[in-house]
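The values are calculated or read from the model by the stated rules, or taken from the named source; none is laboratory data. Bear in mind the structure is a predicted one, so any value in this text is a computation, not a measurement. Every residue, glycine among them, receives a Cβ derived from its backbone with ideal geometry; neighbour counts consider all protein chains shown.
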Amino acid sequence: MSMEIIAIFLFAAIFLVLMSGYPVAFVLGGLSVIVGILFVPDFLDFLPLRIMGTIQNYVLLAVPLFVFMGLTLEKSGIAEELLMSMGIMFGKIKGGLAISVIIVGTLLAASTGIVGATVISMGLISLPLMLKKGYSVPLATGVIASSGTLGQIIPPSIVLVLLGSVLNVPVGVLFKAAMIPGLLLVGLYIIYVWIFAFLFPEKAPALPAEEIMAFKKKNYVSKLVKSFMYPMFLIVAVLGTIFTGIASPTEAAAVGALGALILALLQNKLTLSKLKDVCKETTYLTSMVFMILVGATTFSLVFRGLGGDNMLVNMISSGNLTAHQFLFVVMLVVFIAGFFIDFIEIIFIIVPIVAPVFVKFQVDPVWLGVLLAINLQTSFLTPPFGFALFYLKSVAPPEVKTIDMYKGVIPFLLIQLLLLVIVFLFPQIIS
């Protein structure tokens, strides 16, 4: 049996075992080490150096810092105040509550980038309110789930940080490239909600005028200004320092983490127990990411030792696929893989394998990174395994049925696919 065939079996075995629910990091590392010992033992001599080189990557230090920042903001209650203020601000127009959720999701994405925290926060606060005011269940759940995933494409995005590391692209460059597509996606979401509310006003009603007036009597202006100031402070602190060249993404992540702590202090909500919870969850999430990264590094080394990367390049060359045809195949594979496995596994398993082929085709890695980020965002929404749907279902009232959530996200999935086509056809949009 040739080494290339063994590489294919290794790749297939990993996917099959992943479907059983066994921890990803141990599947990647364990199977790869076993195959490496049996067939390419000499390559395993390089494994410690590869792992240490990966772990010492300065850019990846931004991951725990951005996670810490997002969790601190979630615990401080800033999302709750922002949602309530924006809901009243847009409440007098049809579909106003849904539009406010999209805008809040955008601001939280640009200041936290944590999908789970954003979806759960907005699900707890805005979903009961939208249902109480007569919004249809599919629209309400679709808006919340899709808005919560904006942190996948709008900087500072952990997806972009990890893609930058794998594709060897400066994270700051990826952040800049993703801004316009991210904001365009927000605009498309709002246009859809506005059209839906125009066609079906009874499913997206405006808030009663007396309710809006009653809320505005309670220091509404000061609450609105304060609600905007806090996330804008973080957006400027993080993205502003990156785009102006004052700080690297890792340094800006540290600024953001400190800024989130300061905001929590200003809110008088930074207790010792909450700080412990934030640190504990940050440690858990960071450990998960880096354990998967170590496993993926092991897999990548063994896969290349077996000649898997050369086999893939040769297959593409012999198949006479163009760069765009190969890109379509990869995007389709990533989209389908998103049904079953998390974005972290996709980034660390699939992207390193196909990256050398894109280098051979001289595909712009920045453009490729943005396309992959948009595609990976769809995996959070795609039924039946979209993680945003799981997060929302966990906090949704009993009357919210799973099938209604599936119906609600389909229009937003189509919008994201439309954005993917736009960025593909007009790559200059990222410059």
In segment 71-87, is there at least one residue being in contact (Cβ under 8 Å) with a residue 40 or more places away in the chain and on the phi > 0 side of the Ramachandran plot?
-> yes
Single match in Ile235, Ile246 (criterion: within 30 Å of Ser165 (Cα to Cα), at pLDDT below 85 and of a type in the set (A, V, I, L, M, F, W, C)) = Ile235
How many of the residues in segment 79-119 are modelled with pLDDT under 75 and within 15 Å of Ala140 (Cβ to Cβ)?
-> 3
Filtered residues of segment 225-249 (kept if polar (S, T, N, Q) and either closer than 13 Å to Phe68 by Cα or not in a helix (DSSP H, G or I) (or both)) | Thr244, Ser248
Which numbered condition Val63 misses (of (1) more than 27 Å from Ile242 (Cα to Cα); (2) part of a helix (DSSP H, G or I); (3) not small (Gly, Ala, Ser)) = (1)
Ile374, sole failed condition from (1) over 22 Å from Gly172 (Cβ atoms); (2) surrounded by 15 or more Cβ atoms within 10 Å (Cβ to Cβ); (3) in contact with a Pro (Cβ under 8 Å, 6 or more places away or on another chain) = (1)
Options Val363, Val421, Val370, Val409; residue that is within 24 Å of Phe348 (Cβ to Cβ) and either of a type in the set (Lys, Arg) or in a helix (DSSP H, G or I) (or both) = Val370
Filtered residue count, segment 16-43, keeping only those that are part of a helix (DSSP H, G or I), surrounded by fewer than 17 Cβ atoms within 10 Å (Cβ to Cβ) and modelled with pLDDT under 80 | 1
Which of (1) farther than 22 Å from Ala62 by Cα; (2) surrounded by 20 or more Cβ atoms within 10 Å (Cβ to Cβ) does Asn310 not meet, given it meets every other one?
-> (2)
Read through the list (1) modelled with pLDDT under 85; (2) crowded, with 21+ Cβ neighbours inside 10 Å, then give the number of the only condition that Gly256 fails.
-> (1)
Among the numbered conditions (1) at pLDDT below 85; (2) over 12 Å from the mean Cα position of the chain (by Cα), tell me where Ser157 comes up short.
-> (2)
Residue check, Ser76 under 23 Å from Leu285 (Cα atoms), in contact with a Lys or Arg (Cβ under 7 Å, 6 or more places away or on another chain) and at pLDDT below 85 = yes
